[in-house]
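The values are calculated or read from the model by the stated rules, or taken from the named source; none is laboratory data. All figures in this text were calculated on a predicted structure; none of them were measured in a lab. Here Cβ is always computed from backbone atoms with ideal geometry, including for glycine, and neighbour counts include all displayed protein chains. In case anyone asks, the SASA skips ligands and DNA or RNA and just uses the protein heavy atoms, side chains included. Shrake-Rupley method; radii C 1.70, N 1.55, O 1.52, S 1.80 Å.
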Amino acid sequence: FNRVGSSIRYANKGSNLSVGLAASNYRLNGQFSVVKESEILGRVDKNYLNFTPNVSYWKTMKGNKRISAGYSMGVTPPSISDLQPFKDISNPLYIREGNPDLQPEVTHSFNTGFNMYDPATFINFQFSLNSTFYQSQVVQNQSIDPETFVTTFKSGNVSGGQRYFSYIGFGFPIVKTKFNAYLTANPSFTKSLALINSIETETNTLSHNVGVNLDLTPVEWLRLYAGTSYRLGKTTY
């Protein structure tokens, strides 16, 4: 793996902008045999070249406030085991087959956030939203023989997977310097793709997570903590 890149940053009156571009090259090569130095069953020789941009912006404002946003592109090459050019029949009911034509998995990630802290009232607030979009994602294609029920797994590329994750946090004093509360919420959504008999299937998962944390400092040398959280998830196929 080799990577070379550069970025340029501009800053003015609390605003910061950074733009970068990198070129990454992955080289995967290997050979397969039953035991070392025995007959070669197959070889892998792949070379992947990708250009990955990234952009980020953040601004510091009056009142201890800060906003940020960014985008980045990521590349993950297939594993050698997924590229192997032969079948693994060690379990005759679940056969694994390599796919030498796999392409690297590409992700496009976006993020935005806001946070603030008021030193006079000890109130703080945080918000962030992260999203990821998958391109040529590597998934398993499960082919099931209707007569023998033998399942063959072969890796393939699909596009369209998505993931959204957010975080909300709000802290405030109940009694200044003595008793504080912090409320959190983490709603998220994931869209996962898979292949069954070469048909693209979709799994959607919606999750909600809320929590409350308390800390009490009755005297300088003692601090007590308590917290609880509740999570609810719903998955549809």
Each label sits 7 Å from Cα toward the beta-carbon; between residue 217 and residue 193 the label points are separated, in nm, by 5.1 nm
Residue span residue 50 to residue 149: 0.36 nm per residue of separation minus Cα-Cα distance leaves a gain in nm of 31.7 nm
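At 1.4 Å probe size, with the rest of the protein present, what percent of the exposed accessible area of the stretch 1-50 is carbon and sulfur atoms? All intermediate terms of the calculation are to be shown ahead of the outcome.
Details: 1900 of 3830 Å².
The value for the stretch 1-50 is 50 percent carbon and sulfur by accessible area.
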Once residue 80 and residue 17 are pulled to full extension, the length gained, defined as 0.36 nm per residue separation minus their Cα-Cα distance, is 18.9 nm
Partner lysines whose C-alpha sits under 16 Å from that of residue 87, ignoring same-chain residues fewer than 8 away, are 154
Note, residue 89: beta-carbon cut-off 15 Å, +1 each Lys/Arg, -1 each Asp/Glu, net 0
In whole Hz, the Karplus estimates of ³J(HN,Hα) for the stretch 32-41 (6.51, -1.76, 1.60; θ = phi - 60°; x where Gly or Pro) are 10, 8, 5, 9, 4, 6, 8, 4, 6, 7
Note to self: C-alpha centroids of the stretch 12-45 and the stretch 186-237 sit apart, in Å, by 33 Å
For the stretch 120-233, the charge dipole (Cβ of Lys, Arg +1; Cβ of Asp, Glu -1; about the Cα centre) points to a positive end, and the Cα of 132, 214, 168 closest to that extreme belongs to 214
Whole-Å distance linking the alpha carbon centroid of the stretch 59-89 with that of the stretch 111-130 is 25 Å
Magnitude of the Cβ-charge dipole (Lys and Arg +1, Asp and Glu -1) of the chain about the Cα centre, nearest 20 debye, reported as 1340 debye
With label points set 7 Å from each Cα along the Cα-to-Cβ direction at residue 209 and residue 115, the distance between them in nm comes to 1.7 nm
Toy charge model, Lys and Arg Cβ at +1, Asp and Glu Cβ at -1: the stretch 1-115 dipole around Cα centroid in debye, rounded to 20, equals 1100 debye
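Could you report the stretch 2-116's accessible area per residue, 1.4 Å probe, as an integer in Å²?
Values: 7480 Å² over 115 residues.
Per residue, the stretch 2-116 has an accessible area of 65 Å².
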Trypsin sites (Lys or Arg not before Pro) in the stretch 144-191 lying in a DSSP loop, each with at most 15 other Cβ atoms within 10 Å of its Cβ, come to 176, 178
The extension gain from residue 72 to residue 228, computed as 0.36 nm times the residue separation minus the Cα-Cα distance, is 52.7 nm
The local net charge around residue 123, scoring Lys/Arg +1 and Asp/Glu -1 for residues other than residue 123 whose Cβ lies under 14 Å from its Cβ, equals +1
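Could you check how much of the accessible area of the stretch 133-237 is carbon and sulfur, as a whole percent, using a 1.4 Å probe? Before the final figure, lay out each step's value.
Values: 3960 of 6680 Å².
Carbon and sulfur together cover 59 percent of it.
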